[in-house]
1. Per residue, how much accessible surface does segment 9-372 expose to a 1.4 Å probe? Answer in Å², no decimals.
2. Taking all protein chains as present, what is the carbon and sulfur share of the accessible area of segment 9-372, in % to the nearest whole number, probe 1.4 Å?
3. With Cβ to Cβ distances under 12 Å as the rule, what net charge do the other residues near ASN369 carry (K, R +1; D, E -1)?
4. Relative contact order for the chain: what is it in percent, counting Cα pairs under 8 Å that are at least 6 residues apart?
5. Magnitude of the Cβ-charge dipole of the chain, K/R +1 and D/E -1, about the Cα centre, nearest 20 debye?
6. For segment 9-372, build the charge dipole from Cβ charges (+1 Lys, Arg; -1 Asp, Glu) around the Cα centre, then report which of ALA330, TYR141, PHE237 sits farthest towards its positive end.
7. How high is the relative contact order of segment 379-465, in percent, with contacts defined as C-alpha pairs under 8 Å that are six or more residues apart?
8. Per residue of segment 279-288, what does 6.51 cos²θ - 1.76 cosθ + 1.60 with θ = phi - 60° give for ³J(HN,Hα)? Whole Hz please, x for Gly and Pro, Karplus curve as stated.
Amino acid sequence: MKKLIIAGLALASMLSLEPVRAQQSMPKEKILLAHGAHREGKRTDAVMEKWRGYGLGQFIHWGLYAIPGGEWNGKQYNGAAEWIRSWNGIPNATYDSLIYKFNPTAFDATAWAKSAKQMGARYVTFTTKHHDGFCMWPSKYSKYTVAASPYKKDIVKAVVDAYDKEGIDVILYFSVMDWSHPDWRYEIKTKEDSVAFERFKKFTRNQLIELLTNYPKAKGLWFDGTWDKSWVKQAAFADDLETEMRKLRPGLIIGSRFRADENGKRHFDSNGVLMGDYEQGWERKIPNKIEEVHGNDWDCVMTVPENQWGYNKAWNGHIKSANELLEMTAKCVSLGGNFVLNFGPQGDGAIRQEELNLATKIGDWMKLNQEAIYNCGYAGYEKQDWGYFTKKTGSDQVYMVVFNVPVSGALRLKMPAKTKISKAYMLADREEKILPEEINSNEYFLKLKKKDHQEPFVIVLETGKNAENKESIYEKAKT
Ligand code: FHN
């Protein structure tokens, strides 16, 4: 009996020492699933290791919706510009005839890729087909593609080649929901719906295999439009298709939006385990604590205005500044995720000046400070008021990405127990050393030489083990 209790306690303490687990919320007993997650915990292969270290990415939403740019017959559509086809005022056929106007003479994939490179993006997610169903590649399974537009040329190929040339990995965005396909259904209510949806499933499979075959340089697929009942009920089909795609392209990266399990659970299966290689639920929101990401890989996709992905002429509401976006980048990296910033090129293919300016500003900062963003992740330190800690993967190098300097110019720093600062200096100027002043056990002030910083900056911390027992110097308050 005694032995049993000891074994139980040992197991319990082992469990509590374990890092945050992959599961979201574990049901009491494990449910047997035929189409649940294929793996628990993070992928450990080189492709995914690279993905994990990207830090910063670019999202591009480009399609026919960029031509009206959120405006139809002089009226402004209040939703996201790429959803304008769903607006009551517009007959579908009228929207679909935008294909005859699609001739983006200012489109220059190399210029896009160079701007992304300058910004510091290490991967790009590009819309091959958004909800309207228009294909940016000459798909042989659809007539609604670039091939039938005045432009004619394969845009996906141009993007993949140009970004690949700049050393930026490409992920292909694909909306399963397809508003213009006659066999698409939101829900399957009748025998006819069921027959039509079977055809739609085949069509979807064909297009995905076609994309993977045509663009072997692409590293992954970014799924969208997978929330409707019709698709959620296709657990077996989607599971088989995922297996087929992974077989065709070993190393392929697929997020948690692709398929549901047989109980209709999306992102996390009925046992609370992530389905896919990374959590894809962080859209226009960022977690606040490491516990919220459950030990999984994740990325956050973010718009510059509140909710506009495709080009919107109006560019209304709060427009995020470069510093706000950099703060989001640092926050994501500090919690082990990547930050992906969206761009919505115009109908003529040019990227609007406001977005180009943001990219330049972010890139200028990244040039000096990227060391704190690339191949970095959660440092294991308590969050502090001045900004975010990041840590170089596989080393003890810690970075303080500072956004708020107190009026005193002294940054308060709480280190984990028995960790000392052996050196602190500015990343942008390594000669600018900062002497840490110890103010309590594992607590320091870093007094900045300059208080009026206009831009965020990074301090590098070289840390070591604190062998001395300082408990006797700093007595804890008796309460
Ligand atoms: O409805 C889309 C939206 O237009 C946009 O593509 C975003 C990007 O993450 N995804 C969908 C909503 O989740």
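1. Accessible area per residue, segment 9-372: 42 Å².
2. The value for segment 9-372 is 53 percent carbon and sulfur by accessible area.
3. Net charge in that neighbourhood comes out at -3.
4. Contact order relative to length: 18 percent.
5. Charge dipole, the chain, about its Cα centre: 540 debye, nearest 20.
6. Checked the options; the winner is TYR141.
7. 35 percent
8. So the J values, rounded to whole Hz, are 7, 10, x, 8, 9, 6, 8, 10, x, 9.
The values are calculated or read from the model by the stated rules, or taken from the named source; none is laboratory data. These numbers come from a predicted model, not from an experiment. We place every Cβ from the backbone using ideal geometry, glycine too, and count neighbours over all the protein chains shown. All accessible areas refer to the heavy atoms of the entire protein, side chains included, with ligands and DNA or RNA removed. Shrake-Rupley method; radii C 1.70, N 1.55, O 1.52, S 1.80 Å.
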